[in-house]
Amino acid sequence: MSIADYKQLLGDHSKDTKLNLSSLFSNVDASGLTTDQFYGTALSLVYSLADNELIEAVEEEAEGKIEDNVKTAAKTAASLMAMNNVYYRFLHLSSDKQFGKMPAGLRMNAMANPGVDKADFELFSLAVSALNGCGMCIDSHVQTLLKHDVTAQAIQSSIKLAAVLNAALTARKLS
C-alpha cells in the first residue's frame, strides 16, 4: 500500500489531508530535508502512531530510497521518545520540582550511537516529541538541531510531517 492507496481510504471530509499528504510526499526535495531525514522522520512518526496501514504506506514510499539503518533508527527514536516524552513531560508539567532534581535512571544509550547521523536522529526524535506533546523534549531537540546547523525549514518540515501524518490517521479512523 502506497501513500496514494492510503489516501483512497480517507473520506470526503479529508480533502485537505489528502492534498497535504500528496504535497509532502511528492515534494521531498522542497522540504529542506535529505532523503534519509524525510523518510526516517516519517517512519519514526508512523511507528509512534502504530497504525499498520499507515506504516505499510510510508514503508512502501521509503522502499529503495533509504538503507535499513535509517529504518532501525526510526524505530529506535519512536521507542525512546515513547519513554522520554512521558517522563520529561511529567517533569515539565509537575508543579513539584523535586522530581527534576532526581536522576531519571532511564537507559538511553541508543541516543549516543543511533546508527545514523546525530542530526538525523534528532529530527526523528523532535517530530515524535512534537507528536507526543513534550515541550521539554521539543526545546532540547531544537537546540541540538540548531547547533548542528539544521535549517529552520528542515525543522519545520519535520513538524509538518508530524501534523499531516497524525491528521491522516485521525481522518482514516473517521472514515
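The values are calculated or read from the model by the stated rules, or taken from the named source; none is laboratory data. In this text, all values refer to a predicted model and were calculated from it rather than measured experimentally. Every residue, glycine as well, gets a Cβ built from its backbone with ideal geometry; the counts of neighbours run over all protein chains shown. Quick note on the areas: whole protein, heavy atoms, side chains included, nothing else; ligands and nucleic acids left out. Shrake-Rupley method; radii C 1.70, N 1.55, O 1.52, S 1.80 Å.
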Estimated 222 nm signal from helices in the chain, with DSSP H stretches of n ≥ 4 weighted -39500 (n - 2.57), rounded to 500:
-22500 deg cm²/dmol
Just going by the charge dipole of region 84-175, with Lys and Arg at +1 and Asp and Glu at -1 on Cβ, which of 102, 126, 161 is farthest out on the positive end?
102
Where 120, 29 fall by accessible area, highest first, once all protein chains stay in place (1.4 Å)
29, 120
On average, how much accessible surface per residue is there in the chain, in Å², for a 1.4 Å probe, leaving out ligands, DNA and RNA?
51
GNM on the chain, C-alpha springs below 10 Å: top fluctuator among 160, 75, 101?
101
At q = 0.28, 0.30 Å⁻¹, what is the base-10 log of I(q)/I(0) for region 1-59 according to the Debye formula with one equal point scatterer per Cα and no solvent? Please give it to two decimals.
-1.26, -1.30
How high is the relative contact order of the chain, in percent, counting Cα pairs under 8 Å that sit 6 or more residues apart?
34
Using the structure shown, list the pairs from 65/118; 97/160; 15/173 with a Cα-Cα distance above 23 Å, or answer none.
97/160
Over region 54-155, the quotient of the Cα radius of gyration and 2.2 N^0.38 Å is 1.16
In the Gaussian network model of the chain, springs joining C-alpha atoms below 10 Å, which of 140, 79, 48 carries the largest mean-square fluctuation?
140
Dipole magnitude of the chain, debye to nearest 20 (Cβ charges: Lys/Arg +1, Asp/Glu -1, about Cα centre)
720
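Restricting things to Cα coordinates, could you compute the convex hull volume per residue of the chain in Å³? The partial results should precede the final answer.
Numbers: hull volume 20.2 nm³, N = 175.
Enclosed volume per residue, from the Cα hull, is 115 Å³.
Roughly speaking, to the nearest percent, how much of the chain's 1.4 Å accessible area is carbon and sulfur? Kindly include the intermediate steps, with their values, before the conclusion.
Working: 4540 of 8970 Å².
On the chain, the fraction of accessible area on carbon and sulfur atoms equals 51 percent.
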Phi-based couplings in Hz for region 100-113 (Karplus 6.51, -1.76, 1.60; Gly and Pro marked x):
x, 8, 8, x, 5, x, 9, 6, 9, 4, 5, 5, 6, 9
